[in-house]
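Data block below; observations after.
The values are calculated or read from the model by the stated rules, or taken from the named source; none is laboratory data. Every value quoted in this text rests on a predicted model; they were computed, and no experiment measured them. All Cβ positions, even for glycine, are placed from backbone atoms using ideal geometry, and neighbour counts span all protein chains on display. We work out accessible area using only protein heavy atoms, side chains counted, and drop any ligands, DNA or RNA first. Shrake-Rupley method; radii C 1.70, N 1.55, O 1.52, S 1.80 Å.
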Amino acid sequence: MGLGADMYRQQILDHYKNPRNYGELEDADIEHVGENPMCGDTIKMFVKLADDGVTIEYVSFVGDGCAISQASASMLSKELQGRSLESVEAMDRDDIVEMLGVELSPMRIKCAVLAEKVVQDAIAIHNGEIEIDETTTE
Ligand code: FES
């Protein structure tokens with residue numbers, strides 16, 4: 001075992017109470033919103049790209065929801081900076097579970113992956129791969 005589960009829970013709570021990179025981004029290259037229809041919790045992600053058009057320079061978010069969904073968005077906003085759009089598209093729920101560091105029930109997994117799904121759909125829309133107005137966890 002590495003860090004204790006308590007420590008991860010503390011970290012989640014800290015990100016929930018003091019979200020990093022919180023706020024709308026005026027000059028975002030990509031922005032997209034998503035909702036967990038089970039509870040109505042929402043997250044909107046904003047991505048600013050570097051000059052090469054494929055590297056993430058900065059990520060911010062706004063949202064309203066449970067501790068797991070909002071902490072996950074906050075942690076993800078830090079994680080994604082400097083990464084390529086391609087590598088972000090390749091992320092899966094295991095990456096998010098690892099990032100959060102806690103075991104989650106299927107119900108809570110939906111909270112955890114909302115931000116990731118929003119960003120991935122945002123990138124897919126940006127790349128012209130899909131056309132949707134809003135992401136859902138379904
Ligand atoms: Fe709504 Fe977690 S309870 S996203």
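Quick notes
- Region 96-109, residues that are open to solvent by 60 Å² or more (accessible area, probe 1.4 Å), within 16 Å of the ligand (Cβ to nearest atom) and in a helix (DSSP H, G or I): PRO106, MET107, ARG108
- Region 116-138, subset of a type in the set (A, V, I, L, M, F, W, C) and within 16 Å of the ligand (Cβ to nearest atom), residue surrounded by the most Cβ atoms within 10 Å (Cβ to Cβ): VAL119
- Any hit, region 101-124, residues being of a type in the set (S, T, N, Q) and closer than 26 Å to MET7 by Cβ: yes
- Every pair of residues 6+ apart whose Cβ atoms lie under 6 Å, when the first sits in region 39-63 and is farther than 11 Å from LEU80 by Cα while the second is within 16 Å of the ligand (Cβ to nearest atom) and open to solvent by 40 Å² or more (accessible area, probe 1.4 Å): THR42/GLU35; THR42/ASP64; LYS44/VAL33; VAL62/LYS44; GLY63/THR42
- Looking only at region 39-95, and only at residues there that are open to solvent by 40 Å² or more (accessible area, probe 1.4 Å) and touching a helix residue (DSSP H, G or I) at 6+ places or on another chain (Cβ under 7 Å), the one that is farthest from ILE109 (Cα to Cα): VAL54
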